[in-house]
């Protein structure tokens, strides 16, 4: 197809599939629609590159496919003339059979690479979950109490399991001392009324506790409200108890359960 501006066909450069830039040398007067010189003679104009970019919208007359059949279009990849048997539409563009095969190979390779990437991400996530299930963090006693008692940040499964492991290894007295040491530093005590008595300390309770809650006074005495596994029938009444290993384990289990719920792990 000749250049629509200067008509040249022998000097052009393809810049995109179907798009050409005319590199022919032409005088301004020879360009279609170019400015006509007013006083200077025609020969005085200096030649310059045309530079027109145009789209070759139709094949050269009589173009044929490589098989010899008349062409019905050109491949948008290689711009070769193609017939209907050796070309097809690929994502809205006519593509020859050779470039179509290459495109399908690249598409399959990209799909395989994407699938492998997803499998690698899933394997890495499962490995991290396995690591958290099988390894424990090195925590101090007060750190373990803080992880289970404080509700100001989501906890990971590994953090909760590690805190439970540390606290279950303490005696009832050691657990009480760890709670008192931390809570005196991190939480202001509150006051609860039970009958004619007022208790000042810290409550171990939550909306997902199983019908039982505890209150630790500043002097280290434990009080309990509600019955195990049932709705608190004596709500607002705290009964002083002897805090032993069974009570300690119950407090740890309820705190870890509440943290798991708050962190979206259940």
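Couple of notes before you dig in:
- The ranking of 240, 248 from fewest to most other beta carbons within 10 Å of each one's beta carbon is 240, 248.
- Ascending count of other beta-carbon atoms within 10 Å, so fewest first, for 94, 49, 188: 188, 49, 94
- In nm, spacing of pseudo-spin labels at residue 108 and residue 67 (7 Å Cα→C-beta vector): 2.2 nm
- Theoretical FRET efficiency, 1/(1+(r/R0)^6), r = Cβ-Cβ of residue 219 and residue 150, R0 22 Å, to 0.05: 0.45
- Taking all pairs of distinct alpha-carbon atoms in the range 87-215, Kirkwood radius in angstrom: 20.1 Å
- Spin-label pair residue 23-residue 198: with each label point 7 Å from Cα along the Cα-Cβ axis, the two points sit 9.6 nm from one another.
- Its convex hull of Cα atoms gives the range 99-153 a direction-averaged projected area, equal to a quarter of the hull surface, of 6.2 nm².
- Ranked by the mean number of other Cβ atoms within 10 Å per residue, highest first, peptides 97-109, 167-179, 117-129 order as 167-179, 97-109, 117-129.
- Under the criterion of Cα pairs below 8 Å and six or more residues apart, the relative contact order for the range 122-266 equals 23 percent.
- Quarter the surface of the alpha carbon convex hull of the range 61-135 and you get the mean projected area, 6.3 square nanometres.
- This ranking places 135, 217 by how few other beta-carbon atoms lie within 10 Å of each, fewest first, which gives 135, 217.
- Counting 0.36 nm for each residue step from residue 119 to residue 237 and taking away their Cα separation leaves a gain of 36.9 nm.
Since every read-out is calculated from the coordinates, none of them should be taken as a lab result. Nothing here was measured: the structure is a model prediction, and the numbers come from that model. Note: ideal-geometry Cβ built from the backbone for every residue, glycine included; neighbour counts use all protein chains shown.
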